[in-house]
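Some notes on the structure that comes next.
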Amino acid sequence: MGHHTNLLSYRRRLFQPSPAGDRKLISIYHSRPLFSVNSNLFCLIDESMWGIIRQNVGVTGGLSSQGLGNHMMRLRPVASAMRSYSSATKEMTVRDALNSALDEEMAADPNVFVMGEEVGEYQGAYKITKGLLDKYGPERVVDTPITEAGFAGIGVGAAYHGLRPVIEFMTFNFSMQAIDHVINSAAKSNYMSAGQINVPIVFRGPNGPAAGVGAQHSQCYGAWYGSVPGLKVLVPYSSEDARGLLKAAIRDPDPVVFLENELLYGESFPVSAEALDSSFCLPIGKAKIEREGKDITITAFSKMVGYALKAAEILEKDGINAEVINLRSIRPLDRATINASVRKTNRLVTVEEGFPQHGIGAEICASVVEDSFGYLDAPVERIAGADVPTPYAANLERMAFPQIEDIVRAAKRACYRSVPMSATA
Amino acid sequence: MGFARVIHPHTLPLLADTRANPIATPSLFLGSTRTLRHTLTHTRSISSAQRRSVVAAKVSDVKLKPTTNLLVTKEEGLEVYEDMILGRVFEDMCAQMYYRGKMFGFVHLYNGQEAVSSGFIKLLKKEDSVVSTYRDHVHALSKGVPARAVMSELFGKTTGCCRGQGGSMHMFSAEHNVLGGFAFIGEGIPVATGAAFTSKYKREVLKEADCDHVTLAFFGDGTANNGQFFECLNMAALWKLPIIFVVENNLWAIGMSHLRATSDPEIWKKGPAFGMPGVHVDGMDVLKVREVAKEAIGRARRGEGPTLVECETYRFRGHSLADPDELRDPDEKARYAARDPITQFKKYLIENKLASEAELKAIEKKIDEVVEDSVEFADESPAPSRSQLLENVFADPRGFGIGPDGRYRCEDPKFTEGTAQV
């Protein structure tokens, strides 16, 4: 096939929206889109790579920790010609992305410090803060006793005086011990003090289910924190998201809850050179359209974006062209992008791992009904985790969280091509 | 007046103090475990109904004032007196205004506890921080927030210190470093520990070598049973933070007596358990409180770490203005009313010729005028405009996200019209 384009004609897009050119590029790879180009965002598409490298990676069904990114872009340059071009896309795990973002922000601003359990000598419970203790010392990478309420409050008090703490919760489940501080003394303080005291703090850590960790370690807190005015809640998916959003969060003058995902830490994603720049930031409150489509909109965040993209591939074979939106930010929610997308496609499926009642999907559904009711051709389909505390057994856990086939089924239902409810895969 | 601090034996009435002989024990600083163990066995024998004020710690003998035997100079004395009078008159006026409907919601008054606030806060610099609970009017006033600003805030007017958005329980002032005002008990303690952490961070990491700001955390006896309190005692002692934990033990948490709620009612003992000195002081005597405060603050400024100070005090009114206050024994109330800190201090000033009756009356009159002026000011101030509803939720106004037209919501000129669009 004629994918062996001239490498020299390859152009890197630098901040300039060029929608026409981008879509033209995408259309060649219509069947295997990796990400689409949103004019607001920085992406590097290296078309040459895709043509030369074809990887035969087995697609594992069911619960898979391999994201779509891994399938597509496990780039190992075959030809030596590849190495000499600086336009080579770099791969980075989400873990490295977070680590590098923290490193750069701490280097740039001495007011930034990290505090949490095992962040120092243990190099981070999930190794996100690896190497920071050696670089910045124990005053800036502070190991704490097991006192979530205490150290979250200490972070808030430090933020009142202008420091910029990054408080790590080993998982956001533990944030429930400190939720008083996240909400009452962090989120509400700027309002209660009428703007005198702002709280530039970041609470970060893994959120949502991992694999087989049981009910008390598997809850998703997006909906709870997303309902609090005064907080900003960010949910990165890819490495670029992780880097850009964490940097934006640290620089932000308001309290930010940064919900990561443990299973995504090890996943690699391609990152553009822009993303590697130390001043790279993503705007807070803008969603990203990962894949453009015209038949149905699928919104997702965090790990579910990967699932949604895979589901979109499967739907493509059935002739349903799905648009996948990576929310990136739960609060403020990018209602504009979601509504614009629904007005284009007329159907909506929301995907989340949290509990269904009062979840993110409920809010998106309400927003769409309020703003774009006339455009809906079908009821909004909400996919969420099962309305049960997370079971431990592997097969039960699989049933308790959305899988790719669930997304596919819901999308088909929304397109009136229903499939019997019983799971087939 | 209870048992005296024995460092100034000539000034305060000295009753037989069989507890510990400061001359005999070595000059170890506040709350050394040896001293505490000594007092421990003795205080256990005191029945709960007869809690007397005891200073359970000693001070090294080098701290005598060079020129006079008195604990305060005239200027300091008048300053403290004025502050206590301001606290009392202000709170009484709050009660009046509440019953007239000008103030609403939860209002918690500080009558009777003025010695603690004045005793501690008048020793602070402007850069030092104070963190309090919902009973925070007087802490804010002592720290320097104008009475007009506090009264307006209580009335919910836009000229209040938080523009009417905080209210009685959330007094914040960045200028005066009053970091709240928290409704949840125990919530202020970690925040105060964080402010102390900042002070240390500024000194060690940001290399502001002379940063010796201390933080005071005020809270009550009920809070001393809360988990966050212990977490912060641990971390403050662990990292030697410049903070003083001030327990205003007024023996009652709404209607729950401290003795019914606590396994060991002597809160100062919790300090040494975490490796910091614990001091118990008579909170109805502003001079004693001031002496203890001086040491604790000095300790913190020198970088020697935190201190836990338990002030035994009493609130003359109920927990809040909505509390019928039926559970407290009238005899107990009468007993503490007889030990009113203001009357005691007035007596001290007059007896020691630091001020005349006329001077003190003049101060009282001045404060009356200040408080009445603050009420008038608050009355005449406007209520917040509709547009204020959406302001200050975020420091970065783009935090409201993107509107349907694709631009940031805050850029819309109609943004602060107070509609529920957002």
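The values are calculated or read from the model by the stated rules, or taken from the named source; none is laboratory data. None of the values given here were measured: they were computed from a predicted structure. Glycine gets a Cβ as well: all are built from the backbone with ideal geometry, and neighbour counts include every protein chain shown. With ligands, DNA and RNA removed, areas are computed over all heavy atoms of the protein, side chains included. Shrake-Rupley method; radii C 1.70, N 1.55, O 1.52, S 1.80 Å.
Taking max minus min of the alpha-carbon positions on each principal axis, segment B:293-383 gives extents of 48, 39, 38 Å, largest first. In this assembly, the A-B interface accounts for approximately 4100 Å² of buried accessible surface in total, computed with a 1.4 Å probe and without ligands, DNA or RNA.
Per residue of B:155-167, other chain Cβ atoms within 10 Å of the residue Cβ number 3 on average.
List the residues, sorted by chain then number, that are 5 or more residues from A:Ile298 or on another chain and whose placed amide H is less than 5 Å from its amide H. The list, which skips near neighbours in sequence, is A:Glu323, A:Val324, A:Ile325, A:Val349. For segment B:165-268, the alpha carbon convex hull comes to 112 Å³ per residue, rounded to a whole number. Listed by chain and number, the lysines whose alpha-carbon sits under 28 Å from that of A:Lys412, ignoring those within fewer than 8 places in the same chain, are A:Lys24, A:Lys286, A:Lys288, A:Lys294, A:Lys303, A:Lys310, A:Lys317, A:Lys344.
Here the alpha carbons of segment A:295-425 define both size measures, Rg and Dmax, at 14.0, 44 Å.
Overall shape of segment A:166-206 was characterised from the C-alpha gyration tensor. The equivalent ellipsoid obtained from it has semi-axes of 22, 11, 5 Å, in decreasing order. For segment B:215-309, the share of alpha carbon pairs falling in successive 10 Å distance bins from zero is 17, 51, 28, 4 percent. In the calculated pair distance distribution of segment A:203-311, what percentage of Cα-Cα distances lie above 16 Å? Result: 62 percent of Cα pairs exceed 16 Å. From the cross-link list B:Lys102/B:Lys366; A:Lys130/B:Lys240; B:Lys207/B:Lys240, which pairs have alpha carbons spaced over 29 Å apart? From B:Lys102/B:Lys366; A:Lys130/B:Lys240; B:Lys207/B:Lys240, over 29 Å: none. To the nearest 10 square angstrom, how much accessible area does B:Asp329 have with a 1.4 angstrom probe? Estimated to the nearest 10 Å², B:Asp329 gives 80 Å².
Residues within the reach of a label modelled at B:Leu238 (point 7 angstrom out along Cα to beta-carbon, backbone nitrogen below 16 Å), restricted to segment A:133-172, are A:138-156, A:167-170. Applying Stokes-Einstein at 37 °C and 0.692 mPa s to the Kirkwood radius of segment A:308-368, computed over alpha-carbon pairs, gives a translational diffusion coefficient of 262 µm² s⁻¹.
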